[in-house]
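Read through the structure below, which is laid out as structure tokens, and then see the notes.
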Ligand SMILES: *[C@@H]1O[C@H](CO)[C@@H](O)[C@H](O)[C@H]1NC(C)=O
Ligand SMILES: *[C@@H]1O[C@H](CO)[C@@H](O)[C@H](O)[C@H]1NC(C)=O
Ligand SMILES: *[C@@H]1O[C@H](CO)[C@@H](O)[C@H](O)[C@H]1NC(C)=O
Ligand SMILES: *[C@@H]1O[C@H](CO)[C@@H](O)[C@H](O)[C@H]1NC(C)=O
Ligand SMILES: O=C(O)CCC(=O)C(=O)O
């Protein structure tokens with residue numbers, strides 16, 4: 001691969017450095033408010049646990065029926081790929097070469113080592129130059145999103161008493177813990193964060209369970225072709241995660257499940273990104289044995305490094321890693337290619353929505369990741385598998401899914417939903433009781 005822009009990696013972002021020197025007591029008081037919270041997922045005590053629970057939530061249920069179906073005409077897939085006989089590895093270098101060659105077809109002044117912001121982009125050019133090859137920011141696809149009007153006040157008023165899932169960090173990312181608590185408590189502390197004390201609402205279910213919100217986040221031309229709705233509902237990924245973080249909040253450095261292509265739409269705030277071209281797993285200290293723990297299993301590609309505050313002593317090789325940087329602002333829609341490690345950092349309070357898609361350019365990769373993890377046996381694919389159209393391949397693959405996996409998926413989602421809902425009811429009762437008591441007190445005083 002060619003040279004990549006090597007961005008300032010030695011130092012944390014300016015804002016972080018600056019604040020680090022201050023006394024870190026903006027709101028180190030998380031401890032005093034944590035005990036007030038009713039922790040639903042009491043078993044979550046580490047980032048690993050949190051990731052498991054949050055990702056578990058991602059397994060879809062019968063609640064939402066997606067109407068998203070593939071729409072564009074499809075060509076046959078390459079006959080050279082035969083998933084039924086051997087492991088397939090996507091050739092990212094070949095993809096880069098293809099990208100460079102394809103650039104000649106179009107009249108655009110591409111930033112070869114940075115991230116283009118595009119408004120008038122045809123679907124064909126997207127597929128030729130960016131999709132499964134390089135990140136891109138789309139600057140107009142969110143113009144008509146009703147969600148652009150979402151405000152703290154609206155969420156507080158309408159959903160304040162309802163529970164959300166979030167992570168809270170005191171210290172470093174490694175000290176993250178998962179919490180489920182009423183939204184208004186998260187909102188109450190939106191402005192109270194410091195480099196070592198922050199919260200991040202990361203909820204896969206919140207929007208998906210509220211159709212009035214879900215429909216305010218429409219798909220666009222580039223994400224429309226999606227084969228995930230062909231998965232049985234029990235194992236279909238949720239595709240609309242609410243990400244609302246205080247300043248300093250961040251994700252981990254990771255690749256998405258099944259190496260899918262990710263999307264991230266910023267509604268409010270300022271999100272910073274570090275995006276790593278594929279092939280650097282060694283420099284990112286990616287463990288080789290991680291399992292994602294979904295009913296439809298997959299390998300987990302997570303790096304233990306916090307790319308925004310790397311511990312160079314513990315991870316010396318990270319210094320050699322190359323990455324692209326991006327500052328993403330409201331109305332900007334980022335597409336993260338399959339297989340690229342990425343980490344987001346919210347430079348100020350930031351609200352965003354993430355999603356994913358499986359289309360003609362990544363479906364073989366996703367199917368391979370599923371086969372590799374072993375929920376479906378490779379040998380069960382018929383000889384004619386590769387003569388099927390891509391969506392039919394996906395449907396066929398899914399028809400081989402053991403019933404036990406479907407049952408697990410269904411049960412897991414139901415359990416999680418029940419848990420949150422039960423807590424909501426409990427919470428409401430508690431609130432009523434509290435109000436009654438206050439009323440009585442007032443009466444007494446009068
Ligand atoms: C998915 O990404 C991982 C991590 O970079 C890589 O090892 C794996 O080969 C990728 N999967 C496919 C099918 O290319
Ligand atoms: C959120 O609503 C609660 C009442 O439930 C109120 O006390 C609080 O001030 C509100 N916060 C904001 C930021 O609107
Ligand atoms: C956070 O601070 C901003 C700017 O000072 C203010 O407009 C906003 O209301 C505050 N939000 C909360 C939830 O306190
Ligand atoms: C894929 O492998 C199977 C099993 O060995 C074989 O029967 C089939 O012809 C192969 N398909 C292609 C397109 O090479
Ligand atoms: O925190 C973020 O915005 C990053 C989210 C992300 O990378 C993901 O959903 O895969």
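Here, each number is a calculation from the coordinates, and none is a lab measurement. Worth saying up front: this structure is predicted, and the values here are computed from it rather than measured. Positions of Cβ are generated from backbone atoms using ideal geometry, with glycine treated the same way; all protein chains shown enter the neighbour counts.
Pulled fully out, how much extra length does the chain show between residue 327 and residue 224, if you take 0.36 nm times their separation in residues and subtract their Cα-Cα distance?
Details: separation 103, 0.36 × 103 = 37.08 nm, distance 2.52 nm.
This chain segment gains 34.6 nm when fully extended.
Taking label points 7 Å from Cα along the Cα-to-Cβ direction, residue 441 and residue 288 give a separation of 6.1 nm. PRE reach from residue 281 (point 7 Å along Cα→Cβ): which of the stretch 331-355 fall under 13 Å by backbone N? Zone members listed by number: 339-341.
When each of the peptides 177-186, 383-392, 331-340 is scored by how many other beta carbons lie within 10 Å of its residues on average, the order from highest to lowest is 331-340, 177-186, 383-392. Annotation for residue 154 and residue 388: the two label points, set 7 Å from Cα along the Cα-Cβ direction, are 4.2 nm apart.
Calculate the FRET efficiency for residue 120 and residue 161 from the Cβ-Cβ distance with a Förster distance of 41 Å, rounded to the nearest 0.05. Rounded to the nearest 0.05, the efficiency is 0.40.
Taking 7 Å steps out from each Cα toward its Cβ at residue 86 and residue 113 produces label points 3.6 nm apart.
The stretch between residue 103 and residue 399 holds 102.7 nm of extra length on full extension. This uses 0.36 nm per residue minus the Cα-Cα distance.
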